[in-house]
Amino acid sequence: MAKQLVMGNEAIGLGALRAGVGFVCGYPGTPSTEILETVAKHNPGDVYVEWSVNEKAAMEAAAGAAYAGARAMVTMKQVGLNVASDPLMSLAYIGVKGGMVIVVADDPGPISSQTEQDTRHFARFSKLPVFDPVSPEEAFEMIGDAFDYSEKYQTPVLLRPTTRVCHGCASIEMDQSRKKITPEGFLKDSKWVIFPRLTYQNHKKVEARQPVLGEDFSSYRFNEVTGGGKKGIAAGGVSAAYAKEALAQMGECPKFFKVATPHPFPERLALSFLEGLDEVLVLEELDPVIERELVYLCGKHHLPVKIMGKLTGHTQNAGENSTESANAAIRSFLGLLQEESKQAPLPSLPVRPPVLCAGCPHRASFYAVKAAMKGKKAVFSGDIGCYTLGNASPLDMVDTCLCMGAGVTVAQGLHRIEPDAVNFAFIGDSTFFHTGIPGVINAVYNETDIVLIVLDNATTAMTGHQPHPGTGKTMMGEISQKVDIAGVLGAIGVGHVAKADPLDLKAAVAAVKEAAAVKGVSAVIFESPCIAVTKPGPTYAVDAEKCTGCKRCIRELGCPAMVLENNKVKIEPSMCYGCSVCAQVCPFGAIGGEAK
Amino acid sequence: MKNCMLAGVGGQGTVLASKIIAQAAMKEGLSAHTAETIGMAQRGGCVVSHVRIGEDAFSPLIPKGTADVVIGFEPAEAVRCLPYLKEGGAMVVSTKAVQPVTASLSGCSYDAQGMLAFLKERVNRLILVDGEEVCRQCGSAKVLNVALLGAAAKAGVLPMTLKQIEDTIREKLPERFLSMNLKALAAGAEAVTGGKMQ
Ligand code: SF4
Ligand code: SF4
């Protein structure tokens, strides 16, 4: 069978298909998104795949499918699990019939996230087993193991890859075989109904299961202890790969404990690792989970082994690891000389903060709101999505950003303390459906004045353009009924709901002014598709004769297609999307394009 | 083990280029690993692709000082990745600068010539490609990635030949993009033989 180049996330999706998954759902979030997309792309036809409205809905839907005996997988990023934590905690008591794997991608760094939280804690908190793959190759195998363990113990299981595993590619031998699973269907039983008494009984069962699972994991194929000596290294996830690479660089092979199941901790295997050691260095990303387990075991078994890692300041406690950081930590642990950098210092390099694409309709929306509020006291609460990038200068239009759906509600708190400011809440279409709606109802119910700006670009842009309830498309392809945002707002009691095209600046500014003057909750829905889901218009160009070099377009819009050359503005034709906004901003009519 | 690093700005197509290198290696029966920058940085931030060819790679990321070749999609990003280049390694760099939006805002663009001069002093095998000219010839700025592969393969700094890259492109790219990309590959290779090599 030929080897294929597959991304870690694809490997997880393909591994789930191989394991006979029958139900897959989730909510997009970097670095997890491609897992579900892979299943949809390779769907043999009998797998149900959906983007759910949010992670909580997804977790519950997957639980239902698993109650009925199907193998179910739900995917999300780490912060998504916060949203889904309510069903997660209860489900840990109830358990499942068909295998259920909850794939949660963590993002050390963070590279594209708002927190550096560690899902292994959630595993401990909910007392669910968690698998932590070191590579795409291992993730491909592990997802199948996770389903098997889930069925063996009738419990949901977590698989926690991290960004470098999710977005790394490897050449993997793919066998196309598929496990055949025929769900038995839902059998009515009081065990599916959570009640205090049942919770108490199941709590005891869950506690009794913990050491059994730890024992089982002590012989799990991807947990291993190798080498010998007085000093040992313990590592989990991709950090185990960094550690091995660093050890190969320095030609050392101390005793090594690779931890693939950080919870329940494989105690017997860990004791065989600790035996005879004086010191241990732990390499892991995010929080010191393995480190604490080892410290605990040393205490429990009175072992005179010194455990070093994040808690002792021997490794970094934030950010991602690398072969270099592993190399430096191992060298000082083994008492070797540090490698000297032969590199001359680099010249000062340009910083490149990410920006909205050239032609992005959000730029026009932010500009319109800014123009409408010129000279007025206003606060702009933002949310999660491409439009968070509206914080960058020159727009500078995101004053707060916290988590999915929080812009709407943070604006309300701000307004109650400072009622003389106009409080705007920006929210994208997908985020509106995800967790935005209850916040709007909260404002309507409590009669809090906010101006809601819905940035409807007809897609979930930041994560790579997934459909959502407002798009009329689903992951199964069929056209479902579109959920109409204006209709929703009207139905929950928002009195003033206007729609505007942000690329028509005059009308957009007028719509914002009108909404801002309304008492109570008002809303403007800016409708204009993301450039990735629409065709570019004819490009615009600057007439060098007419351009006075005032730079107003650049200073006010910051479109990446506009560059300054010899004090005149130039539009880079390969980047311009023809949105026409710069032409509307130029006071001298120097920017023109073919009529759209 | 061969390590190739590709450094550019979000939107320049480093991901496709790294896939092509990895797949060309796999066609030769070698194993390959890559690591990509996906997410927020794809909107105009710094992006780096790591390609590791051979069996003995543990980490998905290329450690500093071990890249056999760094392909810089623009001068400053090439300089940023210089610490990854191994001693005696090669660099292929497009000379056209991509200025960050912040530069046109503040009115102080970075000095691309200065970056190139810095590289010339430190890299013995530096291959400069007039990326702007090559893209002009092909009629699209979107093909810089494949043009740079053409230059790198022609200069013999990739662990595969130009022909092997071409075969991979023919096999993996959708029909409608094929002719433009083959043209870019040839133009990139030509830019090296055409005496633009330094
Ligand atoms: S029309 Fe103007 S603002 Fe719009 S993408 Fe082109 S250069 Fe940028
Ligand atoms: S991907 Fe779409 S929504 Fe995101 S910045 Fe680009 S144009 Fe805007």
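Suppose the filter is part of a helix (DSSP H, G or I), of a type in the set (A, V, I, L, M, F, W, C), touching a residue at least 24 places away in the same chain (Cβ under 8 Å) and open to solvent by less than 20 Å² (accessible area, probe 1.4 Å); does B:Leu148 pass it?
Here the answer is yes, as B:Leu148 does meet what is asked.
Just a yes or no: is a residue in the stretch B:184-195 open to solvent by 80 Å² or more (accessible area, probe 1.4 Å), in contact with a Ser or Thr (Cβ under 9 Å, 6 or more places away or on another chain) and at pLDDT below 95?
No, the stretch B:184-195 contains no residue that is open to solvent by 80 Å² or more (accessible area, probe 1.4 Å), in contact with a Ser or Thr (Cβ under 9 Å, 6 or more places away or on another chain) and at pLDDT below 95.
Taking the condition of being of a type outside the set (Gly, Ala, Ser) and either open to solvent by less than 40 Å² (accessible area, probe 1.4 Å) or within 13 Å of ligand 1 (Cβ to nearest atom) (or both), how many residues in the stretch A:544-554 meet it?
The first filter runs over the stretch A:544-554 and keeps only residues of a type outside the set (Gly, Ala, Ser), leaving A:545-548, A:550-554.
Then drop every residue that is not either open to solvent by less than 40 Å² (accessible area, probe 1.4 Å) or within 13 Å of ligand 1 (Cβ to nearest atom) (or both), which leaves A:547, A:552-554.
Summing the residues that are of a type outside the set (Gly, Ala, Ser) and either open to solvent by less than 40 Å² (accessible area, probe 1.4 Å) or within 13 Å of ligand 1 (Cβ to nearest atom) (or both) in the stretch A:544-554 gives 4.
Out of (1) of a type outside the set (Phe, Trp, Tyr); (2) closer than 25 Å to B:Val134 by Cβ; (3) open to solvent by 10 Å² or more (accessible area, probe 1.4 Å), the odd one out for B:Ile21 is which?
It fails just one condition, (3).
Looking only at the stretch A:566-592, how many residues end up being outside any loop (DSSP other than H, G, I, E, B), near ligand 1 (Cβ under 10 Å from one of its atoms) and open to solvent by 40 Å² or more (accessible area, probe 1.4 Å)?
Adding up the residues that qualify gives 2.
Can you name the residue in the stretch B:102-128 that is among the hydroxyl-bearing types (Ser, Thr, Tyr) and more than 16 Å from B:Arg80 (Cβ to Cβ) and, of all such residues, is nearest to the other protein chains (Cβ to nearest Cβ)? Reasoning before the result, please.
Let us first name the residues in the stretch B:102-128 that are among the hydroxyl-bearing types (Ser, Thr, Tyr), namely B:102, B:104, B:106, B:109-110.
Applying the additional criterion that residues be more than 16 Å from B:Arg80 (Cβ to Cβ) yields B:104, B:106, B:109.
Numbers: B:Ser104: 5, B:Ser106: 9, B:Ser109: 7 Å.
The residue in question is B:Ser104.
Return only the number of the condition from (1) in contact with a strand residue (DSSP E or B) (Cβ under 8 Å, 6 or more places away or on another chain); (2) among the small types (Gly, Ala, Ser); (3) away from ligand 2 (no atom under 16 Å from the Cβ) that A:Ala318 does not satisfy.
With respect to (1) in contact with a strand residue (DSSP E or B) (Cβ under 8 Å, 6 or more places away or on another chain); (2) among the small types (Gly, Ala, Ser); (3) away from ligand 2 (no atom under 16 Å from the Cβ), A:Ala318 is out only on (1).
Would you confirm whether or not the stretch A:3-21 contains a residue that is surrounded by fewer than 24 Cβ atoms within 10 Å (Cβ to Cβ) and over 25 Å from A:His167 (Cβ atoms)?
The answer is yes, given that some residue of the stretch A:3-21 is surrounded by fewer than 24 Cβ atoms within 10 Å (Cβ to Cβ) and over 25 Å from A:His167 (Cβ atoms).
For the stretch A:319-364, give me each residue that is on the phi > 0 side of the Ramachandran plot and open to solvent by less than 50 Å² (accessible area, probe 1.4 Å).
As a first pass, look at the stretch A:319-364 and keep what is on the phi > 0 side of the Ramachandran plot: A:319, A:335, A:359.
The answer is A:Gly319, A:Gly359.
Quick one: in the stretch A:562-575, of everything that is out of contact with any Pro (no Cβ under 8 Å at 6 or more places or on another chain), under 15 Å from A:Gly537 (Cβ atoms) and in contact (Cβ under 8 Å) with a residue 24 or more places away in the chain, which residue is farthest from the other protein chains (Cβ to nearest Cβ)?
Across the stretch A:562-575, the extreme among qualifying residues is A:Ile571.
Give just the number: which of (1) closer than 28 Å to A:Ile554 by Cβ; (2) among the basic types (Lys, Arg); (3) away from ligand 2 (no atom under 16 Å from the Cβ); (4) part of a helix (DSSP H, G or I) does A:Lys374 not satisfy?
If we test A:Lys374 against (1) closer than 28 Å to A:Ile554 by Cβ; (2) among the basic types (Lys, Arg); (3) away from ligand 2 (no atom under 16 Å from the Cβ); (4) part of a helix (DSSP H, G or I), just (4) comes out false.
Looking at A:Ile35, is it crowded, with 24+ Cβ neighbours inside 10 Å and out of contact with any Pro (no Cβ under 8 Å at 6 or more places or on another chain)? Full working, then the answer.
Numbers: crowded, with 24+ Cβ neighbours inside 10 Å: yes; out of contact with any Pro (no Cβ under 8 Å at 6 or more places or on another chain): yes.
Here the answer is yes, as A:Ile35 does meet what is asked.
Where in the stretch B:27-109 are there strands (runs of 3 or more DSSP E), lying fully within it, with 3 or more residues that are among the β-branched types (Val, Ile, Thr), touching a residue at least 60 places away in the same chain (Cβ under 8 Å) and crowded, with 19+ Cβ neighbours inside 10 Å?
Values: elements: B:32-35, B:46-53, B:67-72, B:85-94.
Where strands (runs of 3 or more DSSP E) fall fully within the stretch B:27-109 and carry at least 3 residues being among the β-branched types (Val, Ile, Thr), touching a residue at least 60 places away in the same chain (Cβ under 8 Å) and crowded, with 19+ Cβ neighbours inside 10 Å, they are B:67-72.
Among the listed residues A:Gly80, A:Gly45, identify the single one that is farther than 17 Å from A:Ala146 by Cβ and either open to solvent by 10 Å² or more (accessible area, probe 1.4 Å) or of a type in the set (Lys, Arg) (or both). Even if it seems obvious, please write down each step before you answer.
Working: A:Gly80 fails: either open to solvent by 10 Å² or more (accessible area, probe 1.4 Å) or of a type in the set (Lys, Arg) (or both).
Unique residue meeting the criteria: A:Gly45.
Would you check which residues across the stretch A:389-422 are modelled with pLDDT of 95 or more and under 25 Å from A:Val585 (Cα atoms) and list them? I'd like the intermediate steps shown before the answer.
Applying the first criterion (modelled with pLDDT of 95 or more) to the stretch A:389-422 yields A:397-422.
Of everything in the stretch A:389-422, those that are modelled with pLDDT of 95 or more and under 25 Å from A:Val585 (Cα atoms) turn out to be A:Met397, A:Val398, A:Asp399, A:Val422.
Going residue by residue through the stretch A:518-527, is there one that turns out to be open to solvent by 20 Å² or more (accessible area, probe 1.4 Å), within 33 Å of the chain's Cα centre (by Cα) and either within 16 Å of ligand 2 (Cβ to nearest atom) or in the same structural domain as A:Ile453 (by TED's automatic domain parsing) (or both)?
Yes, because at least one residue in the stretch A:518-527 is open to solvent by 20 Å² or more (accessible area, probe 1.4 Å), within 33 Å of the chain's Cα centre (by Cα) and either within 16 Å of ligand 2 (Cβ to nearest atom) or in the same structural domain as A:Ile453 (by TED's automatic domain parsing) (or both).
What's the total number of residues in the stretch A:570-590 that are within 16 Å of ligand 2 (Cβ to nearest atom) and among the small types (Gly, Ala, Ser)?
Adding up the residues that qualify gives 3.
Here's the yes/no breakdown for (1) within 30 Å of A:Pro560 (Cα to Cα); (2) within 10 Å of chain A (Cβ to nearest Cβ); (3) more than 17 Å from the chain's Cα centre (by Cα):
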{"site": "B:Lys142", "(1), (2), (3)": "yes, yes, no"}
{"site": "B:Ala152", "(1), (2), (3)": "yes, no, no"}
{"site": "B:Leu162", "(1), (2), (3)": "no, no, no"}
{"site": "B:Glu175", "(1), (2), (3)": "no, no, yes"}
{"site": "B:Ala191", "(1), (2), (3)": "yes, no, no"}
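For residues that are buried (at least 19 other Cβ atoms within 10 Å of the Cβ) and touching a Lys or Arg at 6+ places or on another chain (Cβ under 7 Å), scanning just the stretch A:396-426, find the one that is farthest from A:Lys377 (Cα to Cα).
A:Met397
Restricting attention to the stretch B:29-38, which residues are closer than 25 Å to A:Ala235 by Cα and more than 7 Å from chain A (Cβ to nearest Cβ)?
Listed by number, the list holds a single entry, B:Thr37.
Only one of (1) polar (S, T, N, Q); (2) away from ligand 2 (no atom under 16 Å from the Cβ); (3) touching a helix residue (DSSP H, G or I) at 6+ places or on another chain (Cβ under 7 Å) is not met by A:Gln481, so which one is it?
The number of the failed condition is (3).
Return yes when A:Lys310 is surrounded by fewer than 14 Cβ atoms within 10 Å (Cβ to Cβ) and either among the basic types (Lys, Arg) or within 14 Å of chain B (Cβ to nearest Cβ) (or both) and no when it is not. Steps first, answer last, please.
Working: surrounded by fewer than 14 Cβ atoms within 10 Å (Cβ to Cβ): no; either among the basic types (Lys, Arg) or within 14 Å of chain B (Cβ to nearest Cβ) (or both): yes.
No: the conditions fail for A:Lys310.
Given B:Ala57, B:Ala41, B:Ala76, B:Ala67, which one is more than 8 Å from chain A (Cβ to nearest Cβ) and either at pLDDT below 95 or on the phi < 0 side of the Ramachandran plot (or both)?
On the way: B:Ala57 fails: more than 8 Å from chain A (Cβ to nearest Cβ); B:Ala41 fails: more than 8 Å from chain A (Cβ to nearest Cβ); B:Ala76 fails: more than 8 Å from chain A (Cβ to nearest Cβ).
Checking each option against the conditions leaves just B:Ala67.
The values are calculated or read from the model by the stated rules, or taken from the named source; none is laboratory data. All of these numbers come straight from a predicted model, not from anything done at the bench. Every residue, glycine as well, gets a Cβ built from its backbone with ideal geometry; the counts of neighbours run over all protein chains shown. The accessibility values were calculated without ligands, DNA or RNA, using every heavy atom of the protein model including side chains. Shrake-Rupley method; radii C 1.70, N 1.55, O 1.52, S 1.80 Å.
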